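Throughout, read-outs are computed from the coordinates displayed, never taken from laboratory work. Given the structure is predicted, the values throughout are model-derived calculations rather than measurements. For neighbour counting, all protein chains shown are included, and Cβ atoms are generated from backbone atoms with ideal geometry for every residue, glycine included.
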Amino acid sequence: MTDGNQNIIIGTHFGYSVSFDEKDVRDMGRTATGVRGVKLRENDYVVGMDVLKHESEVLIITENGYGKRTAADEYAIKGRGGKGVKTANITEKNGKLVGLTTVSGEEDIMIITDKGVMIRFHADAISQTGRATLGVRLIKLDGEAIVSTMAKVEREEDEEVVVAPLNEEIDSEGENDALEAFDATEQANTLDTTETYEMADKLSDFADELLDEEDSEE
């Protein structure tokens, strides 16, 4: 939602973004076609759009599990309808963009892979880097898995919500891994022993409740 006086940023799968004043988009009816926000390159498509405030940061996630935060002032406000500027250095290593949003640092970010694996972490744990950079790896994907989508959600401090720990350690390949030893096939490795046991207990209790319900129905 906006108040009609905000700047808007649109991000594309090929790693480009365009920022413009929303006043450039005139008021229209609900069923109107609308106006062009970004001129897409062949086979490119939009992966995210958000309000771009001066104090916010642009957060992007790529299909190979990389991500970064970039200060909003690195995105010049231009007219809508252009091809945009590079918002990430897209390579075979990090993959194309799957999501773009803006954050204040107080949110949680959720990443979901095409294999159904999901992780959640604090937005401010991701490194802040320049606009046309590679980013840091947030999740080690298994085999041919890719990140399929991302979401910005309200930060949860509830003990029942598992938030993956992020750090700035260098792994054996010399890569700057943001996610501490996180392997999509071994998610329990990101939790300390107490948290792991607590999760196992809750799942066990839930399973027992389901069995009790089935018995009562019979």
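Considering only Cα-Cα distances, which of the following residue pairs are longer than 29 Å: 53/115; 53/83; 86/140?
53/115
Over segment 103-155, what is the mean sequence separation of C-alpha contacts under 8 Å (at least six apart), divided by residue count, expressed as relative contact order in percent? The partial results should precede the final answer.
Values: 70 pairs, mean separation 27.4, N = 53.
This gives 52 percent for segment 103-155.
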Ranked from fewest to most other Cβ atoms within 10 Å of their own Cβ, 19, 104 fall in the order 104, 19
